[in-house]
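Read through the structure below, which is laid out as structure tokens, and then see the notes.
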Amino acid sequence: MASSVSMQSILVNPVAVGRLGHRCRPSSMVFPSTYFPRQQKNGCTLQVRCMAEESQKEQKSSPVSAPPSPPQPTSPSASPKVSTKFTDVLAFSGPAPERINGRLAMIGFVAAMAVELAKGDDVAAQLANGGLTWFLGTTAVLSLASLIPLFKGVDVQSKSKGLMTSDAELWNGRFAMLGLVALVFTEYVKGGALI
């Protein structure tokens, strides 16, 4: 046991080699990861290696049990599947709420402006004169039509190509929501129809 400890101290600390009376001494106190000192007159050499690098080399050279299989190409016609759970689809950051609200706002803004141009009624008057029934009916139909593909697992991005992309729909819906709120606020401040 004592001999193994002294041997380890000799191999780890090259200064100890000189203390023990051996004729080989390293010429430098700064050691790279692998140190090969010059051969002395009596043919004695000392080789010091970094064990961390040896274990890394062994890990690199050891064969892996099974190479990873290459990813399978997906056909362009297959649409990626997403979560179809009710709580995931209608979550605050889910795919449904902002899209449905944006679609309703786009239809609502265009309808409100069309009725205002045709009859001269503001949005509050439109809702009071039968517009609320149309609003609730449109909301139910459009919400169901938007939710059916999401509950089937179809991703919104998979169906968007060219100019009609899902990002364009989101931005148009956001602008329509802002436009509808601005229209109602302006009519409230003005006290009547915008036009």
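The values are calculated or read from the model by the stated rules, or taken from the named source; none is laboratory data. None of these values were measured; they are calculated from a predicted model. Using ideal geometry, Cβ is built from the backbone for each residue, glycine included, and neighbour counts are taken over all protein chains shown.
Given the structure, is M106 in contact with a Leu (Cβ under 8 Å, 6 or more places away or on another chain) and among the aliphatic types (A, V, I, L, M)? Against the criterion (in contact with a Leu (Cβ under 8 Å, 6 or more places away or on another chain) and among the aliphatic types (A, V, I, L, M)), M106 does not qualify. In segment 111-126, the residue that is farthest from the chain's Cα centre (by Cα) out of those that are surrounded by fewer than 16 Cβ atoms within 10 Å (Cβ to Cβ) and hydrophobic (A, V, I, L, M, F, W, C) is A118. From the list G153, G108, the one residue that fits, being over 17 Å from G191 (Cα atoms), in contact (Cβ under 8 Å) with a residue 12 or more places away in the chain and buried (at least 17 other Cβ atoms within 10 Å of the Cβ), is G108.
Close Cβ contacts (under 6 Å, 6 or more residues apart or on different chains) running from residues in segment 174-195 that are under 30 Å from A96 (Cα atoms) and assigned by TED's automatic domain parsing to the domain that holds R99 to residues that are of a type in the set (G, A, S) and surrounded by 12 or more Cβ atoms within 10 Å (Cβ to Cβ) comprise A176/A105; M177/A105; L180/A105; L180/G108.
The set of residues in segment 125-173 being more than 15 Å from R99 (Cα to Cα) and among the β-branched types (V, I, T) consists of T133 alone. Could you tell me whether segment 95-116 includes any residue that is modelled with pLDDT under 90, assigned by TED's automatic domain parsing to the domain that holds G130 and of a type in the set (A, V, I, L, M, F, W, C)? Checked against the condition, which is being modelled with pLDDT under 90, assigned by TED's automatic domain parsing to the domain that holds G130 and of a type in the set (A, V, I, L, M, F, W, C), segment 95-116 yields at least one hit. Looking across segment 148-171 at every residue that is assigned to a helix (DSSP H, G or I) and in contact with a helix residue (DSSP H, G or I) (Cβ under 6 Å, 6 or more places away or on another chain), the one that is nearest to S83 (Cα to Cα) is identified as L150. When the test is whether a residue is at pLDDT below 80 and farther than 19 Å from R174 by Cα, Q72 passes it. Candidates T133, T139, T87: the one that is polar (S, T, N, Q) and either more than 33 Å from the chain's Cα centre (by Cα) or assigned to a loop (DSSP other than H, G, I, E, B) (or both) is T133.
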